[in-house]
């Protein structure tokens, strides 16, 4: 299984390289998590090198098990294949029997508003839908707080339709959430509903 994805440059945005996290990315991960905007939405911000190392090891374990995949997002540069991550995309809850999964992401402050998140998300979704699985993956979910307006725009640009409003789940999630869904093969509008309170439904995109 190829662990690297590429996104071609657009007229206004650079090409992207998505690859698994490595120990050399630890300083960049810790620095990114100091951003107050990212910290506002993260459930478990990384504050130390030790925590970052544990996160990377957990990502590797999930990849080996096929239950999750985490990519560091870099600006594609043929002269700098190492580079520093400018964002991240995560896939969760992808057990062999699952027909749906969840996505999360973050982008560092200097790169926001430049089309990084939707392009990285879209490429990751297309890759995920092609994964060889016991049961084909039918949909991917993206969930965020209703007050996180930029994530609504990112979801729309990445082909996720707003599907439901999730009620608060105290104490972790004090606000309503938006559930966006992207279907395999044909992103399309999905009837909006209001779901019952459920910890399995209420997850933030940055986790």
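FYI, it's all coordinate maths here, none of it is from the lab. Bear in mind that the values here come from a model prediction, so they are computed numbers and not experimental data. Here the Cβ positions follow ideal geometry from the backbone for every residue, glycine too, while neighbour counts run over all protein chains shown.
Nearest 500 deg cm²/dmol is fine: what mean residue ellipticity at 222 nm does the chain get from its DSSP H runs of n ≥ 4 alone, each adding -39,500 (n - 2.57), divided by its residue count?
-7500 deg cm²/dmol
Taking a point 7 angstrom from the Cα of residue 97 along the C-beta vector, which residues in region 123-148 have backbone N less than 14 Å away?
Within reach of a label on residue 97, which here means backbone N under 14 Å from a point 7 Å along Cα→Cβ, region 123-148 contributes 134-135.
Run a plain Debye calculation on the chain (Cα atoms as equal point scatterers, no solvent) and give log10 I(q)/I(0) at q = 0.08, 0.13, 0.17, 0.18 Å⁻¹, rounded to two decimals, same order as the q list.
With no solvent term, the Cα-only Debye profile gives -0.25, -0.70, -1.26, -1.42.
For 129, 69, which order do you get if you count the other beta carbons within 10 Å of each Cβ and list the fewest first?
Neighbour counts put them in this order, fewest first: 129, 69.
Tell me, what is the FRET efficiency for residue 34 and residue 67 to the nearest 0.05, using R0 = 25 angstrom and their Cβ-Cβ distance as r?
With R0 = 25 Å, the Cβ-Cβ based efficiency is 0.30.
Using 1/(1 + (r/R0)^6) with R0 = 30 angstrom and r between the beta carbons of residue 131 and residue 156, what's the FRET efficiency to the nearest 0.05?
Efficiency computed from Cβ-Cβ geometry: 0.80.
At 7 Å along the Cα-to-beta-carbon direction for both residue 149 and residue 58, put a label point, then send me their distance in nm to one decimal.
For the pair residue 149/residue 58, the computed spacing is 3.2 nm.
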